[in-house]
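Undergrad: Dumping the structure here so I can ask a few things about it.
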């Protein structure tokens, strides 16, 4: 008996954005799994920490890698007018 799993990804939306500047993005986001706190912190060496509640902490990521790995989230937020400035 074959089992078919259909995954449907919901867009990530910003519930609230507390800070969005060149060094810190601090917001509450929502997707199909629920609501979670999201923090993107730009480090002095141009790496970033991407911290999402309920997910493994991603620290000292190369800037280009962080942009790529979470590109669907950043694209969804940018479409809503919330460009994550810490990634620029």
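Undergrad: From the list 39, 50, pick out the single residue that is in contact with a helix residue (DSSP H, G or I) (Cβ under 6 Å, 6 or more places away or on another chain), closer than 14 Å to residue 23 by Cα, in a strand (DSSP E or B) and without any contact (Cβ under 8 Å) to a residue 24 or more places away in the chain.
TA: 50
Undergrad: Inspect the range 63-72 for any residue being in contact with a strand residue (DSSP E or B) (Cβ under 8 Å, 6 or more places away or on another chain), touching a residue at least 24 places away in the same chain (Cβ under 8 Å) and surrounded by 12 or more Cβ atoms within 10 Å (Cβ to Cβ) and give the result as yes or no.
TA: Within the range 63-72 (the criterion being in contact with a strand residue (DSSP E or B) (Cβ under 8 Å, 6 or more places away or on another chain), touching a residue at least 24 places away in the same chain (Cβ under 8 Å) and surrounded by 12 or more Cβ atoms within 10 Å (Cβ to Cβ)), the answer is yes, since at least one residue qualifies.
Undergrad: Please determine whether any residue of the range 7-24 is in a loop (DSSP other than H, G, I, E, B), free of Cβ contacts under 8 Å to residues at least 12 places away in the same chain and out of contact with any helix residue (DSSP H, G or I) (no Cβ under 9 Å at 6 or more places or on another chain).
TA: Checked the range 7-24: at least one residue is in a loop (DSSP other than H, G, I, E, B), free of Cβ contacts under 8 Å to residues at least 12 places away in the same chain and out of contact with any helix residue (DSSP H, G or I) (no Cβ under 9 Å at 6 or more places or on another chain).
Undergrad: What's the number of the only condition in (1) closer than 14 Å to residue 16 by Cα; (2) surrounded by fewer than 16 Cβ atoms within 10 Å (Cβ to Cβ); (3) at pLDDT below 95; (4) in contact with a strand residue (DSSP E or B) (Cβ under 8 Å, 6 or more places away or on another chain) that residue 81 fails to meet?
TA: (4) is the only condition that residue 81 fails.
Undergrad: Further question on the same structure: Given 4, 23, 13, which one is within 17 Å of residue 80 (Cα to Cα) and either modelled with pLDDT under 95 or surrounded by 10 or more Cβ atoms within 10 Å (Cβ to Cβ) (or both)?
TA: None of the others qualify; the one that does is 13.
The values are calculated or read from the model by the stated rules, or taken from the named source; none is laboratory data. Remember, it's a predicted structure, so these values are computed and weren't measured experimentally. We place every Cβ from the backbone using ideal geometry, glycine too, and count neighbours over all the protein chains shown.
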